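The values are calculated or read from the model by the stated rules, or taken from the named source; none is laboratory data. Please read these numbers as outputs of a predicted model, since none were measured by experiment. Neighbour counts run over all protein chains shown; Cβ positions are idealised from the backbone, glycine included. When the accessible area is computed, the model is the full protein with side chains, heavy atoms only, and any ligands, DNA or RNA have been set aside. Shrake-Rupley method; radii C 1.70, N 1.55, O 1.52, S 1.80 Å.
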Amino acid sequence: MLELGQGTAAPADLIKDVSEATFMQDVVEASQTAPVIVDFWAPWCGPCKTLGPALESAVTKAKGAVTMAKVNVDENQMIAGQLQVQSIPTVFAFYKGQPIDGFQGAVPPSEIEAFVTRVIQHSGGDASGGLDEALEAAETMLDDGDVADAAQTFAAILEEDPLSAAAFGGLARAHIALDELDEAEAVLNGAPAEISEAPELEAARAQIELARQAENAGPVAELRAAVEASPEDMQVRLDLAQALHAAGDAEAAVNELLEMFRRDREWNDGAAKAQLFTIFEALKPNDPIVLNGRRKLSSMIFA
């Protein structure tokens, strides 16, 4: 299983104590290939004791996209003077040998994360810190049936990136695969407001709704016979569509719902259309069932 965020010690090649003798090599020259964040601090500085570790954590999460140099101003006054550091903590970001961004004073962790991300993006780097690869690995696990490992990986990604809609959606889908629908809903309810309406979360909500419908779905054969006996009975057709989806035949379910819409689009406040959209949201946007279903529905609406 892919593991993230193991251990708290920062790798030596990512975070260094820099002196006047090594500043040119560890900051100016090093920034030619990747941005370097320079933290000017002092042992007696209270805010530095908070800012430093938070900055180190953000740099470590970036996994090499940016490095950090720590400069003790008491021991390196010449560098501090050249860069006009008037108070500490002061943070500068260097790229291609030049300062490109910076701030003074202690700031919240969210602002530190945003600063590091901004610096990486300014240099054209990848601010994801390898999380895209972790998401891909987790999705592969889920597709292969390694649901428990997938859930653990999605949870680890959320520890690194609490605003990852893809990880929230993936973790919820893992619980759905384990028939843990209440847990899946709890995951989605716990997502930050900023991403509560993200497509990944909407897809998981649709899958939960369909899974709950499946719990009460009737036998497909009996429902199909009932539809043949009473073709105009819309409730029986809806029950058949839900049963078909529960049986794993999403395409047949969509076709049945399209037939419902063709016969009586207004029945039960547009229930056929609403159920179609639930299925479409639960599937990937480029799924042929979604593409064909949307095309056929549009042709009926605008005919």
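Between 0 and 90 degrees, the angle of helix 220-229 with respect to the longest Cα principal axis of the chain falls at about 50 degrees.
Pull out a ≥ b ≥ c, the square roots of the eigenvalues of the alpha-carbon gyration tensor of region 157-235, then state rounded if a/c is under 1.5, prolate if not and a/b is larger than b/c, and oblate in the remaining case.
It is prolate, given that a/c is not under 1.5 and a/b is the larger ratio.
At a 1.4 Å probe, what is the % contribution of carbon and sulfur to the accessible area of region 200-284? Please list the in-between numbers first.
Details: 1900 of 4230 Å².
With neighbouring chains kept in place, the figure for region 200-284 is 45 percent.
Only four residue types carry charge here, +1 at the Cβ of Lys and Arg and -1 at the Cβ of Asp and Glu. Report the dipole size of region 231-298 about the Cα centre in Debye, rounded to the nearest 20.
It comes to approximately 360 debye.
Relative to its Kirkwood radius, the Cα radius of gyration of the chain gives an Rg/Rh of 1.19.
FRET efficiency for the pair GLU228 and GLU183, taken as 1/(1 + (r/R0)^6) with r the Cβ-Cβ distance and R0 = 45 Å, rounds to 0.70.
How much area per residue is accessible in region 227-303 when the probe is 1.4 Å and only protein heavy atoms are counted (Å²)? Each step should come with its number before you reach the end.
Numbers: 4190 Å² over 77 residues.
I get 54 Å² per residue for this part.
Only residues of region 206-236 count here: report those whose backbone N is under 14 Å from the spot 7 Å along Cα→Cβ of ASP249, or say none. Correct set: 218-228. Multiplying the residue separation of ALA42 and LEU291 by 0.36 nm and subtracting their alpha-carbon distance yields 83.6 nm.
Expressed as a whole percent, the accessible area of region 65-173 that falls on carbon and sulfur atoms is 47 (1.4 Å probe). Relative contact order for region 196-303: what percent, with Cα pairs under 8 Å and sequence separation of 6 or more? Here the relative contact order equals 27 percent. For SER299, project a label point 7 Å along Cα to C-beta. Then give me every residue of region 216-259 with its amide nitrogen under 15 Å of that point. Of the residues in region 216-259, 255-256, 258-259 have backbone N under 15 Å from the label point off SER299.
The mean accessible area for residues of region 83-171, using a 1.4 Å probe and ignoring ligands and nucleic acids, is 47 Å² per residue.
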